[in-house]
Structures are given as structure tokens and as C-alpha cells.
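Peer 1: Dropping a structure here in C-alpha cells format, bear with me for questions.
The values are calculated or read from the model by the stated rules, or taken from the named source; none is laboratory data. Owing to the predicted nature of the structure, the values given are computational and were not obtained by experimental measurement. Here the Cβ positions follow ideal geometry from the backbone for every residue, glycine too, while neighbour counts run over all protein chains shown.
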Amino acid sequence: MVDRKKPAHGFSDWAWQRATAITMVIYSLLLAVRFVVDAPSAGFEGWHAWFTPLSFRAMTLLFLWALIYHAWLGVKEILMDYVHNIDIRAKLQSVFGLVLIGDAVWAAYILWSLA
Amino acid sequence: MASQYPKAPKRNRPKNLNLLTIRLPIPALVSIMHRVSGAFLFMLLPLLLWVLHQSLANAEAYQLAQAVLHHPLAKLICLAVTWAYLHHACAGIRHLALDAHYGLRLNYARATSRAVLIISGLLTLRMGIWLW
């Protein structure tokens, strides 16, 4: 099922999957802590202000990009397990890859259009 | 040249691929739930980005997002997403421990699988109480 002429990415995929996972765990814990010690005040103004600090927006974007790349690795793995026809799998990978690239651009737009 | 090794005897092993009667060992259950929750989160990601976008764009969009999130069905989806995220995270942390060769023995593997189910369940319950 694997094209042996192309370079394989087994180890780097494995390592990136874990690096992005750890990034997400750390962000999730920090987010939970911030919710407890520095809860956003009610309404749009409070919520918007909560997202204004550059450090928070940068960390949130890093989290979302880590999540999206993690999802990409997972999608590839699931397709490899269940879709054995290489042409169909390549097409599905392209579609899901484009969706995830769209998600990544959208995430950056959401967080950077705030400033 | 024929193989120098004797042929393995043909065995009629029982096959049971009926998904309704297979009883999964608990680590296998956590494993397949890890995959299902990951696929589910991938599918719901655009929806979550939409909510984030609306909530931050302007006051009217914020109110729209708020109204959508107050719908009982939306709350149910939020709870499902929360559970999927927490289960995936807990099962993932367990995976990292296994990578480091912690908890490989069968009784530990079973105990940590049960812990993943219980901890993610309790955290989801906590979030559910907060949501409602």
C-alpha cells in the first residue's frame, strides 16, 4: 500500500504527532488555569478584551495550528488503515488536506483580525 | 526446491467478526474510542472555528453565537465535543506513558484504560454541570 519510491515519513510523523499533542496538553492546562484565575468578564467586550493580549493570541494560534497538524497526521493514518485503493485514498487525502489548510488560514484570520 | 521446513498444519480457527457479539478488551475499547473521538473532533473543527469567529468578530455576531450555543442541541454537541477532547487527551497521555514503556503489563494496561474512561467521564460531567 505504500509507495516505496517516495521518502517515508514514519518517524517524523510519529514525533510530530507527540510534539503537537504535548503542545495541546500544555495549552489546555494553561487555558483552564487562566479561566479560573482571570475569568473573562461577561458580554462581548469582556470576551474580546480577554483575547487582546498578543501573548494569548499567539499561544492560541500555536495551539490551533498544532491541533490542525495533529489532525492531519491522524486523518492520514485512518485513511491508510481503511481506504486501500491508492487513487481514492490520494483523492481523499487531498480533500481533507485542503480542508485543514483552510482551517489553519481561518484560525490565523480569526485571531489576527482582532488587532 | 521445496521448503525444507514441514508445512504448518492447517487449523480451523474459529472466526468471530460479528461486531455485535465481539466483547472488546478494555484497552481495545479505549483505543478505538481514541480514534473515533479524534475523527469526530476533526469533523467538528470548522463548526468550532465558526463559533470562535462569531464570538470575536463584533457584538451582534457574539449575540448570534450566544443564541446558537443556548440551544439544547448545541449544548449537547458542546458536551460531545468536550467528552471527545477529554477522552482523546487522556488516552493520548496514556499513549505517551506506553511510549516510555510505563504501564505495559496487562494488569496496568487494563487499570490505566479504566482510569482514562473514568477521568474523562468525570471531567466531562464537571463541564456538563458548568454548561447547564
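Peer 1: Of these, B:ARG11, B:ARG23, B:ARG35, which one is within 14 Å of another protein chain (Cβ to nearest Cβ) and either touching a Ser or Thr at 6+ places or on another chain (Cβ under 9 Å) or without any contact (Cβ under 8 Å) to a residue 40 or more places away in the chain (or both)?
Peer 2: Criteria check complete, one pass: B:ARG35.
Peer 1: State whether one or more residues within the range A:58-81 are over 17 Å from B:GLY38 (Cβ atoms), over 21 Å from the mean Cα position of the chain (by Cα) and either without any contact (Cβ under 8 Å) to a residue 12 or more places away in the chain or within 10 Å of another protein chain (Cβ to nearest Cβ) (or both).
Peer 2: No: zero hits.
Residue-wise test of (1) without any contact (Cβ under 8 Å) to a residue 60 or more places away in the chain; (2) surrounded by fewer than 16 Cβ atoms within 10 Å (Cβ to Cβ).
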residue: A:TRP14; (1), (2): yes, yes
residue: A:THR23; (1), (2): yes, no
residue: A:TYR27; (1), (2): yes, no
residue: A:ARG34; (1), (2): yes, yes
residue: A:VAL37; (1), (2): yes, yes
residue: A:PRO40; (1), (2): yes, yes
residue: A:HIS48; (1), (2): no, no
residue: A:SER55; (1), (2): yes, yes
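Peer 1: What single numbered condition from (1) more than 9 Å from every other protein chain (Cβ to nearest Cβ); (2) within 20 Å of A:TRP14 (Cα to Cα) fails to hold for B:VAL68?
Peer 2: Only one criterion in (1) more than 9 Å from every other protein chain (Cβ to nearest Cβ); (2) within 20 Å of A:TRP14 (Cα to Cα) is unmet by B:VAL68, namely (2).
Peer 1: Next up: Scanning the range A:67-97 for residues that are under 20 Å from A:GLY10 (Cβ atoms) and β-branched (Val, Ile, Thr), which turns out surrounded by the most Cβ atoms within 10 Å (Cβ to Cβ)?
Peer 2: A:VAL75
Peer 1: If a residue must be modelled with pLDDT of 95 or more, touching a Leu at 6+ places or on another chain (Cβ under 9 Å) and loosely packed, with under 15 Cβ neighbours inside 10 Å, how many such residues does the range B:49-76 contain?
Peer 2: Matching residues across the range B:49-76 total 0.
Peer 1: Can I ask one more? Filter the range B:43-65 down to the residues that are more than 9 Å from every other protein chain (Cβ to nearest Cβ) and among the polar types (S, T, N, Q) and list them by number.
Peer 2: Answer for the range B:43-65, where residues must be more than 9 Å from every other protein chain (Cβ to nearest Cβ) and among the polar types (S, T, N, Q): just B:GLN54.
Peer 1: Here is a further query. Pairs under 7 Å by beta carbon, first residue in a helix (DSSP H, G or I) in the range B:52-76, partner of a type in the set (D, E, K, R) and surrounded by 15 or more Cβ atoms within 10 Å (Cβ to Cβ), six or more apart or different chains?
Peer 2: none
Peer 1: Within the range A:100-113, is there a residue that is exposed (fewer than 12 other Cβ atoms within 10 Å of the Cβ), among the polar types (S, T, N, Q), over 22 Å from A:SER12 (Cβ atoms) and within 10 Å of chain B (Cβ to nearest Cβ)?
Peer 2: The answer is yes; a qualifying residue exists.
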